[in-house]
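This report refers to the structure that appears directly beneath it.
The values are calculated or read from the model by the stated rules, or taken from the named source; none is laboratory data. Keep in mind the model is a prediction, meaning the values are calculated, not measured. We place every Cβ from the backbone using ideal geometry, glycine too, and count neighbours over all the protein chains shown.
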Amino acid sequence: MNNSVTEQPSKYNHLEKMSTFQLLSNINTEDKTVSYAVENEIQSIEKLVDVIHAKMEKGGRLFYIGAGTSGRLGVLDASECPPTYGVPDNLVIGLIAGGDSALRKAVERAEDDLSLAWKELQKYDINSNDVLVGIAASGTTPYVIGGLSEAKKHQIITGCITCNKNSPIALIADFPIEIIVGPEFVTGSTRMKAGTAQKMVLNMISTAVMIKLGRVKGNKMVHMQLSNTKLVNRGVKILAEELHIDEVLAGTLLDKHKNVKKVLDLYKDKFI
(Lines give C-alpha, C1' and ligand atoms only; values in the text may rest on other atoms or scores of the structure.)
Protein backbone atom coordinates (compact mmCIF):
# COMPACT_ATOMS: atom_id res chain seq x y z
CA MET A 1 0.00 0.00 0.00
CA ASN A 2 2.86 2.40 0.73
CA ASN A 3 3.93 2.29 -2.93
CA SER A 4 0.45 2.67 -4.42
CA VAL A 5 -0.37 5.84 -6.31
CA THR A 6 -3.78 6.06 -4.67
CA GLU A 7 -2.13 6.34 -1.24
CA GLN A 8 0.47 8.95 -2.17
CA PRO A 9 0.23 12.36 -0.46
CA SER A 10 -1.98 14.98 -2.05
CA LYS A 11 -0.34 17.63 -4.22
CA TYR A 12 -2.05 20.16 -1.97
CA ASN A 13 -1.41 20.92 1.69
CA HIS A 14 -3.10 22.87 4.48
CA LEU A 15 -6.52 22.18 2.98
CA GLU A 16 -8.17 23.49 6.13
CA LYS A 17 -6.71 26.94 5.43
CA MET A 18 -8.17 27.19 1.91
CA SER A 19 -11.21 29.30 1.12
CA THR A 20 -14.32 27.57 -0.20
CA PHE A 21 -13.51 28.83 -3.70
CA GLN A 22 -9.96 27.50 -3.47
CA LEU A 23 -11.17 24.10 -2.28
CA LEU A 24 -13.68 23.78 -5.09
CA SER A 25 -11.33 25.08 -7.76
CA ASN A 26 -8.54 22.72 -6.75
CA ILE A 27 -10.87 19.72 -6.61
CA ASN A 28 -12.13 20.65 -10.07
CA THR A 29 -8.57 20.98 -11.35
CA GLU A 30 -7.84 17.44 -10.22
CA ASP A 31 -11.12 16.11 -11.62
CA LYS A 32 -10.25 17.47 -15.06
CA THR A 33 -7.37 15.01 -15.28
CA VAL A 34 -9.56 11.94 -14.86
CA SER A 35 -10.96 11.78 -18.40
CA TYR A 36 -7.44 11.84 -19.84
CA ALA A 37 -6.45 8.92 -17.62
CA VAL A 38 -9.51 7.02 -18.86
CA GLU A 39 -8.64 7.89 -22.46
CA ASN A 40 -5.29 6.15 -22.05
CA GLU A 41 -7.10 2.88 -21.34
CA ILE A 42 -9.75 2.88 -24.07
CA GLN A 43 -8.13 -0.04 -25.89
CA SER A 44 -8.17 -2.09 -22.68
CA ILE A 45 -11.81 -1.17 -22.10
CA GLU A 46 -12.59 -2.12 -25.71
CA LYS A 47 -11.23 -5.64 -25.21
CA LEU A 48 -13.34 -6.19 -22.10
CA VAL A 49 -16.49 -4.80 -23.74
CA ASP A 50 -16.08 -7.11 -26.71
CA VAL A 51 -15.67 -10.23 -24.59
CA ILE A 52 -18.67 -9.29 -22.40
CA HIS A 53 -20.77 -8.73 -25.52
CA ALA A 54 -19.68 -12.06 -26.99
CA LYS A 55 -20.58 -13.90 -23.79
CA MET A 56 -23.96 -12.15 -23.47
CA GLU A 57 -24.78 -12.99 -27.09
CA LYS A 58 -24.53 -16.63 -26.02
CA GLY A 59 -26.65 -16.18 -22.88
CA GLY A 60 -23.95 -15.18 -20.41
CA ARG A 61 -24.09 -12.54 -17.69
CA LEU A 62 -21.89 -9.80 -16.28
CA PHE A 63 -20.96 -9.69 -12.60
CA TYR A 64 -19.32 -6.85 -10.69
CA ILE A 65 -17.69 -7.30 -7.28
CA GLY A 66 -16.18 -4.62 -5.07
CA ALA A 67 -16.05 -3.13 -1.59
CA GLY A 68 -16.86 0.35 -0.32
CA THR A 69 -17.13 3.01 -3.02
CA SER A 70 -16.03 0.56 -5.71
CA GLY A 71 -18.70 -1.94 -4.73
CA ARG A 72 -21.39 0.74 -4.59
CA LEU A 73 -20.49 1.93 -8.07
CA GLY A 74 -20.73 -1.60 -9.43
CA VAL A 75 -24.14 -2.14 -7.85
CA LEU A 76 -25.28 1.24 -9.19
CA ASP A 77 -24.24 0.42 -12.74
CA ALA A 78 -25.88 -3.00 -12.61
CA SER A 79 -29.11 -1.66 -11.12
CA GLU A 80 -29.51 0.96 -13.84
CA CYS A 81 -29.33 -1.48 -16.77
CA PRO A 82 -32.87 -2.93 -16.47
CA PRO A 83 -34.77 0.39 -16.38
CA THR A 84 -32.55 2.04 -18.98
CA TYR A 85 -32.31 -0.82 -21.46
CA GLY A 86 -35.17 -3.13 -20.55
CA VAL A 87 -32.93 -6.11 -19.84
CA PRO A 88 -33.64 -8.75 -17.15
CA ASP A 89 -32.56 -7.98 -13.59
CA ASN A 90 -30.15 -10.92 -13.64
CA LEU A 91 -28.20 -9.94 -16.76
CA VAL A 92 -25.86 -7.52 -14.97
CA ILE A 93 -25.36 -8.26 -11.26
CA GLY A 94 -23.45 -6.12 -8.78
CA LEU A 95 -22.22 -7.51 -5.46
CA ILE A 96 -20.70 -5.48 -2.64
CA ALA A 97 -18.69 -6.80 0.31
CA GLY A 98 -21.03 -6.91 3.30
CA GLY A 99 -24.21 -7.26 1.24
CA ASP A 100 -26.85 -4.68 0.39
CA SER A 101 -26.70 -3.13 3.85
CA ALA A 102 -23.16 -1.99 2.97
CA LEU A 103 -24.64 0.28 0.31
CA ARG A 104 -25.67 2.69 3.06
CA LYS A 105 -23.40 1.84 5.94
CA ALA A 106 -19.89 0.41 6.00
CA VAL A 107 -19.69 -3.24 7.05
CA GLU A 108 -16.41 -3.55 8.90
CA ARG A 109 -13.85 -6.07 7.68
CA ALA A 110 -16.16 -7.63 5.06
CA GLU A 111 -13.70 -6.56 2.37
CA ASP A 112 -10.89 -8.43 4.11
CA ASP A 113 -12.54 -11.84 3.63
CA LEU A 114 -10.85 -13.66 0.73
CA SER A 115 -13.57 -16.30 0.43
CA LEU A 116 -16.68 -14.12 0.77
CA ALA A 117 -17.08 -12.97 -2.85
CA TRP A 118 -16.93 -16.49 -4.26
CA LYS A 119 -19.49 -17.71 -1.72
CA GLU A 120 -21.84 -14.96 -2.83
CA LEU A 121 -21.19 -15.56 -6.53
CA GLN A 122 -22.02 -19.23 -6.16
CA LYS A 123 -25.55 -18.27 -5.06
CA TYR A 124 -26.04 -17.00 -8.62
CA ASP A 125 -24.59 -20.16 -10.20
CA ILE A 126 -21.83 -18.17 -11.87
CA ASN A 127 -20.19 -20.26 -14.57
CA SER A 128 -17.90 -20.16 -17.60
CA ASN A 129 -20.62 -18.50 -19.71
CA ASP A 130 -20.32 -15.38 -17.54
CA VAL A 131 -17.78 -12.57 -17.06
CA LEU A 132 -16.63 -11.30 -13.66
CA VAL A 133 -15.24 -7.78 -13.23
CA GLY A 134 -13.54 -6.82 -9.97
CA ILE A 135 -13.51 -3.16 -8.98
CA ALA A 136 -10.94 -1.85 -6.50
CA ALA A 137 -9.17 1.51 -6.58
CA SER A 138 -6.18 0.14 -4.68
CA GLY A 139 -6.18 -3.17 -6.53
CA THR A 140 -5.46 -4.93 -3.24
CA THR A 141 -8.92 -5.62 -1.78
CA PRO A 142 -8.98 -9.24 -0.52
CA TYR A 143 -12.72 -9.61 -1.27
CA VAL A 144 -12.04 -8.84 -4.93
CA ILE A 145 -8.77 -10.79 -5.14
CA GLY A 146 -10.44 -13.90 -3.75
CA GLY A 147 -13.41 -13.64 -6.09
CA LEU A 148 -11.27 -13.20 -9.20
CA SER A 149 -8.88 -15.98 -8.20
CA GLU A 150 -11.66 -18.51 -7.70
CA ALA A 151 -13.37 -17.45 -10.92
CA LYS A 152 -10.22 -18.14 -12.90
CA LYS A 153 -10.02 -21.63 -11.37
CA HIS A 154 -13.49 -22.23 -12.80
CA GLN A 155 -12.58 -20.99 -16.31
CA ILE A 156 -14.59 -17.78 -15.90
CA ILE A 157 -13.30 -14.77 -17.84
CA THR A 158 -12.26 -11.95 -15.53
CA GLY A 159 -11.65 -8.24 -15.82
CA CYS A 160 -10.85 -5.49 -13.35
CA ILE A 161 -10.94 -1.74 -12.89
CA THR A 162 -8.21 -0.34 -10.67
CA CYS A 163 -6.24 2.88 -10.22
CA ASN A 164 -2.81 1.45 -9.45
CA LYS A 165 -0.34 -0.07 -11.89
CA ASN A 166 0.49 -3.79 -11.64
CA SER A 167 -1.76 -4.32 -8.61
CA PRO A 168 -2.73 -7.83 -7.45
CA ILE A 169 -6.15 -7.75 -9.14
CA ALA A 170 -4.63 -6.51 -12.41
CA LEU A 171 -2.15 -9.38 -12.35
CA ILE A 172 -5.00 -11.86 -11.84
CA ALA A 173 -7.54 -10.50 -14.31
CA ASP A 174 -7.64 -11.59 -17.95
CA PHE A 175 -8.65 -8.07 -18.99
CA PRO A 176 -7.20 -5.48 -16.59
CA ILE A 177 -8.15 -1.81 -16.85
CA GLU A 178 -5.73 0.46 -14.97
CA ILE A 179 -6.84 4.09 -14.71
CA ILE A 180 -3.91 5.92 -13.11
CA VAL A 181 -5.43 9.16 -11.81
CA GLY A 182 -2.64 9.99 -9.35
CA PRO A 183 -2.88 11.11 -5.71
CA GLU A 184 -6.25 12.25 -4.41
CA PHE A 185 -7.01 15.83 -3.32
CA VAL A 186 -7.55 14.46 0.18
CA THR A 187 -4.78 11.90 0.61
CA GLY A 188 -6.11 8.36 0.14
CA SER A 189 -9.74 9.42 -0.40
CA THR A 190 -10.35 7.19 -3.41
CA ARG A 191 -14.04 8.00 -3.54
CA MET A 192 -12.88 11.15 -5.36
CA LYS A 193 -10.80 10.86 -8.57
CA ALA A 194 -10.52 7.08 -8.45
CA GLY A 195 -14.27 6.78 -7.88
CA THR A 196 -14.97 9.17 -10.74
CA ALA A 197 -12.70 7.16 -13.03
CA GLN A 198 -14.38 3.90 -12.08
CA LYS A 199 -17.84 5.39 -12.69
CA MET A 200 -16.74 6.63 -16.11
CA VAL A 201 -15.40 3.21 -17.09
CA LEU A 202 -18.50 1.43 -15.84
CA ASN A 203 -20.67 3.82 -17.86
CA MET A 204 -18.58 3.02 -20.93
CA ILE A 205 -18.73 -0.74 -20.41
CA SER A 206 -22.46 -1.10 -19.79
CA THR A 207 -23.50 1.50 -22.36
CA ALA A 208 -21.32 0.05 -25.13
CA VAL A 209 -22.43 -3.52 -24.36
CA MET A 210 -26.12 -2.58 -24.36
CA ILE A 211 -25.79 -0.70 -27.65
CA LYS A 212 -24.02 -3.69 -29.22
CA LEU A 213 -26.84 -5.93 -27.93
CA GLY A 214 -29.36 -3.81 -29.84
CA ARG A 215 -30.93 -2.09 -26.85
CA VAL A 216 -30.60 1.36 -28.49
CA LYS A 217 -31.98 2.58 -31.82
CA GLY A 218 -30.26 5.58 -33.34
CA ASN A 219 -29.47 7.30 -30.06
CA LYS A 220 -32.71 6.47 -28.24
CA MET A 221 -33.42 4.12 -25.30
CA VAL A 222 -36.18 2.27 -27.11
CA HIS A 223 -36.23 -0.63 -24.65
CA MET A 224 -36.45 1.45 -21.45
CA GLN A 225 -38.95 0.45 -18.80
CA LEU A 226 -41.91 2.84 -18.73
CA SER A 227 -41.91 2.97 -14.95
CA ASN A 228 -42.75 6.63 -14.33
CA THR A 229 -44.30 9.67 -15.99
CA LYS A 230 -40.94 11.06 -17.14
CA LEU A 231 -40.06 7.86 -18.97
CA VAL A 232 -43.51 7.55 -20.52
CA ASN A 233 -43.22 11.12 -21.80
CA ARG A 234 -39.77 10.32 -23.17
CA GLY A 235 -41.21 7.29 -24.94
CA VAL A 236 -43.99 9.40 -26.46
CA LYS A 237 -41.47 11.93 -27.80
CA ILE A 238 -39.32 9.17 -29.29
CA LEU A 239 -42.31 7.71 -31.12
CA ALA A 240 -43.48 11.10 -32.32
CA GLU A 241 -40.03 11.87 -33.73
CA GLU A 242 -39.31 8.46 -35.22
CA LEU A 243 -42.75 7.87 -36.77
CA HIS A 244 -43.49 11.51 -37.65
CA ILE A 245 -46.81 11.49 -35.79
CA ASP A 246 -48.29 13.79 -33.17
CA GLU A 247 -47.77 13.09 -29.49
CA VAL A 248 -51.44 12.25 -28.87
CA LEU A 249 -51.30 9.34 -31.31
CA ALA A 250 -47.86 8.37 -30.03
CA GLY A 251 -49.22 8.23 -26.49
CA THR A 252 -52.17 6.11 -27.59
CA LEU A 253 -49.92 3.61 -29.33
CA LEU A 254 -47.52 3.45 -26.41
CA ASP A 255 -50.36 2.91 -23.96
CA LYS A 256 -51.61 0.05 -26.11
CA HIS A 257 -48.32 -1.78 -26.67
CA LYS A 258 -46.34 -0.75 -23.52
CA ASN A 259 -42.99 -0.74 -25.32
CA VAL A 260 -41.33 1.85 -27.55
CA LYS A 261 -39.44 -0.67 -29.69
CA LYS A 262 -42.56 -2.74 -30.25
CA VAL A 263 -44.49 0.29 -31.49
CA LEU A 264 -41.63 1.25 -33.81
CA ASP A 265 -41.48 -2.26 -35.26
CA LEU A 266 -45.25 -2.47 -35.74
CA TYR A 267 -45.82 0.94 -37.25
CA LYS A 268 -42.56 2.02 -38.92
CA ASP A 269 -43.87 1.24 -42.42
CA LYS A 270 -47.34 2.64 -41.79
CA PHE A 271 -46.44 6.23 -40.97
CA ILE A 272 -43.07 6.78 -42.65
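Look at (1) over 30 Å from residue 142 (Cα atoms); (2) out of contact with any Lys or Arg (no Cβ under 7 Å at 6 or more places or on another chain); (3) outside any loop (DSSP other than H, G, I, E, B) and you find that residue 208 fails only one, number (1).
For residue 224, state whether it is among the hydrophobic types (A, V, I, L, M, F, W, C), under 25 Å from residue 89 (Cβ atoms), in contact (Cβ under 8 Å) with a residue 40 or more places away in the chain and not in a helix (DSSP H, G or I). Yes; evaluated as a whole, the condition is true for this residue.
Being charged (D, E, K, R) and touching a Phe, Trp or Tyr at 6+ places or on another chain (Cβ under 7 Å) is the filter here, so list the residues in the range 213-243 that pass it. 215 - this is the single residue of the range 213-243 that is charged (D, E, K, R) and touching a Phe, Trp or Tyr at 6+ places or on another chain (Cβ under 7 Å). Take the range 85-97 and flag every residue that is without any contact (Cβ under 8 Å) to a residue 40 or more places away in the chain and surrounded by fewer than 21 Cβ atoms within 10 Å (Cβ to Cβ). Matches in the range 85-97: 88, 89, 90, 91.
Screening residue 106 against (1) under 19 Å from residue 205 (Cβ atoms); (2) modelled with pLDDT under 95 leaves a single unmet condition, (1). Among the residues of the range 227-266, the ones that are in a helix (DSSP H, G or I), touching a residue at least 24 places away in the same chain (Cβ under 8 Å) and either surrounded by fewer than 15 Cβ atoms within 10 Å (Cβ to Cβ) or of a type in the set (Lys, Arg) (or both) come to 1 in all. Inspect the range 116-136 for any residue being closer than 29 Å to residue 24 by Cβ and at pLDDT 95 or above and give the result as yes or no. Checked against the condition, which is being closer than 29 Å to residue 24 by Cβ and at pLDDT 95 or above, the range 116-136 yields at least one hit.
The condition of being surrounded by 21 or more Cβ atoms within 10 Å (Cβ to Cβ) and of a type in the set (Lys, Arg) does not hold for residue 220. Residue 172 meets each of the listed conditions (1) under 13 Å from residue 34 (Cα atoms); (2) surrounded by fewer than 22 Cβ atoms within 10 Å (Cβ to Cβ); (3) aliphatic (A, V, I, L, M) apart from (1).
Here is the figure for the range 112-158: residues that are crowded, with 24+ Cβ neighbours inside 10 Å, part of a loop (DSSP other than H, G, I, E, B) and not small (Gly, Ala, Ser) total 1.
The single condition from (1) in contact with a helix residue (DSSP H, G or I) (Cβ under 9 Å, 6 or more places away or on another chain); (2) touching a residue at least 40 places away in the same chain (Cβ under 8 Å); (3) β-branched (Val, Ile, Thr) that residue 51 fails is (1).
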